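The values are calculated or read from the model by the stated rules, or taken from the named source; none is laboratory data. Every value quoted in this text rests on a predicted model; they were computed, and no experiment measured them. When we count neighbours, we look across all protein chains shown, and the Cβ atoms used for this are built from the backbone with ideal geometry, even at glycine. In case anyone asks, the SASA skips ligands and DNA or RNA and just uses the protein heavy atoms, side chains included. Shrake-Rupley method; radii C 1.70, N 1.55, O 1.52, S 1.80 Å.
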Amino acid sequence: MATPPPHHVAEAPPGAEAGTPGSGVPLDCRVEFFAARPTGPPDGVSARRDLALLDGGIRVRLLYPHSVRNDPAFLGYATMLSEAGGEIRTVDRLPAPVTVLDRSVALLPVGPPDSEPVEITAAPVVDQLLWTLAYTWDHGWRCPDAGEPEELRTAILCMLANGDKDETIARRLGMSVRTCRRHVASIMADLNAASRFQAGLLAARGGLLGPPPEIGPPPEIGPPPET
């Protein structure tokens, strides 16, 4: 039996700028830019690059941690990007920066934070990274979004039902402990609960936590749309 060819892994092409980790953009990005950025807000170079991609007709989807929602600079950037046609969602945790371009190329940071990302074109690896991004995206909160308070309330209720402490809830949602306690007190008052545990119990019994998340099969990954 012939030995299968190794996965192709090459350095990012010359001309790709290094900005926020995982946000380097080769010159051949034409259809979609999908990235997870564990830190924020982006620096000026990355922000201008994001807007330039949108100006070029490229779809831009970005994932950030919930903690950026407390940063006025980030909210200004998110509003500007949204008005230009970009999409941002935030989630509880993002373990590492990753970018997928046109559903066919992945960029991963290797080495020091200011080093160029490595370009990966091996289809099985890219497909897995894309599936992970898509799954995380489906569970994210839109930013900016007027519907955030209801999502925030549901998230807090779920963690109360799980027995999490204020410090844990605040850290996971990217808010101060004082703000977290204010939300918890409001929820307890609305539910007429005498304790945090009772609030979580009442929420679970009343169906306020929503259905448990279901993990379906990986999405079907096809070739990038033709331009």
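Note on region 64-80: residues that are within 14 Å of residue 174 (Cα to Cα) and β-branched (Val, Ile, Thr) total 1. For first residues located in region 125-144 and under 20 Å from residue 75 (Cβ atoms) and open to solvent by less than 60 Å² (accessible area, probe 1.4 Å), partners that are modelled with pLDDT of 90 or more and among the aromatic types (Phe, Trp, Tyr) and lie 6+ apart or on another chain with Cβ distances below 9 Å form the pairs 137/34; 140/64; 143/64.
Might you let me know whether region 13-32 holds any residue that is of a type in the set (A, V, I, L, M), modelled with pLDDT of 80 or more and either open to solvent by less than 20 Å² (accessible area, probe 1.4 Å) or closer than 30 Å to residue 151 by Cα (or both)? Looking for residues that are of a type in the set (A, V, I, L, M), modelled with pLDDT of 80 or more and either open to solvent by less than 20 Å² (accessible area, probe 1.4 Å) or closer than 30 Å to residue 151 by Cα (or both), one finds none in region 13-32, hence no. Residue-level check: of (1) open to solvent by 40 Å² or more (accessible area, probe 1.4 Å); (2) under 25 Å from the mean Cα position of the chain (by Cα); (3) modelled with pLDDT of 85 or more, residue 164 misses just (1). Taken over region 97-114, the criterion of being of a type in the set (A, V, I, L, M) and modelled with pLDDT under 85 is satisfied by 110 alone.
Across region 61-107, the number of residues qualifying as in contact with a strand residue (DSSP E or B) (Cβ under 7 Å, 6 or more places away or on another chain), open to solvent by less than 50 Å² (accessible area, probe 1.4 Å) and not basic (Lys, Arg) comes to 22. State all residues of region 81-96 that are modelled with pLDDT of 90 or more, closer than 23 Å to residue 174 by Cα and of a type outside the set (Asp, Glu); if no residue qualifies, say none. 81, 82, 86, 88, 89 - these are the residues of region 81-96 that are modelled with pLDDT of 90 or more, closer than 23 Å to residue 174 by Cα and of a type outside the set (Asp, Glu).
Annotation note: Cβ proximity below 8 Å between a residue of region 78-92 that is closer than 19 Å to residue 138 by Cβ and a residue that is open to solvent by 50 Å² or more (accessible area, probe 1.4 Å) and hydroxyl-bearing (Ser, Thr, Tyr) (sequence gap 6+ or interchain) occurs for 88/82. Within region 171-199, the residues that satisfy the criterion of being of a type in the set (Val, Ile, Thr) and either in contact (Cβ under 8 Å) with a residue 12 or more places away in the chain or touching a strand residue (DSSP E or B) at 6+ places or on another chain (Cβ under 7 Å) (or both) are 184, 187.
Residue-by-condition table, conditions (1) open to solvent by 50 Å² or more (accessible area, probe 1.4 Å); (2) modelled with pLDDT of 80 or more; (3) of a type outside the set (S, T, N, Q); (4) at negative phi:
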site: 183; (1), (2), (3), (4): yes, yes, yes, yes
site: 191; (1), (2), (3), (4): no, yes, yes, yes
site: 194; (1), (2), (3), (4): yes, yes, yes, yes
site: 223; (1), (2), (3), (4): yes, no, yes, yes
site: 227; (1), (2), (3), (4): yes, no, no, yes
